[in-house]
Amino acid sequence: MRSTKVWLFSTCLVAALAGTAMLLGTSSSLAQPGLGQERKEERGDHWRYHDGRWDYWHAGDRRWYHTDGSHWYYHDGNTWQPYRFDRQFGREGFERSQYQPPDEGANIVPPRHNVYRPR
């Protein structure tokens with residue numbers, strides 16, 4: 001009888017330890033979901049739908065761009081600013097046609113939506 005209780009207790013103990021080790025191994029890998037993946041910004045130029053609008057990430061400039069159909073804007077980290085084609089974006093593979101950036105001091109209303117920031 002005593003050996004049966006010892007055998008039963010040791011079996012339960014081993015099962016509990018194995019279950020705990022399995023849970024810890026699984027949860028530690030799930031705690032870092034993007035471990036083997038690159039961040040979107042590091043994958044190159046791309047469009048992203050975020051906060052109800054489409055924005056464009058340009059890897060060469062490392063910043064977001066947006067157009068409302070009338071003007072182009074870039075995100076300076078805090079707010080949207082009118083874009084005057086001063087960097088790499090829009091210089092190659094982009095047809096500006098008759099578009100002219102707004103003059104300094106022109107009364108335009110930049111967008112107010114946020115940009116995507118990976119966590």
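The values are calculated or read from the model by the stated rules, or taken from the named source; none is laboratory data. Quantities reported herein were computed from a predicted structural model and do not represent experimental measurements. We place every Cβ from the backbone using ideal geometry, glycine too, and count neighbours over all the protein chains shown.
What's the total number of residues in region 54-92 that are farther than 25 Å from ARG117 by Cα and modelled with pLDDT of 75 or more?
Initial filter on region 54-92 (farther than 25 Å from ARG117 by Cα): 70, 91-92.
If we keep only those that are modelled with pLDDT of 75 or more too, we end up with 70.
So the count comes out to 1.
For residues in region 93-119 being among the charged types (D, E, K, R) and within 25 Å of the chain's Cα centre (by Cα), which is modelled with the lowest pLDDT? For region 93-119, the residue satisfying everything is ARG119. Of the listed requirements (1) surrounded by 11 or more Cβ atoms within 10 Å (Cβ to Cβ); (2) modelled with pLDDT under 85; (3) within 18 Å of TYR116 (Cβ to Cβ), GLU38 misses just one: (1).
Taking first residues from region 85-113 that are within 19 Å of HIS75 (Cα to Cα) and partners that are basic (Lys, Arg) and modelled with pLDDT under 75, the Cβ contacts under 8 Å between residues at least 6 apart in sequence or on separate chains come to PHE85/ARG91; PHE85/ARG96; GLY90/ARG96.
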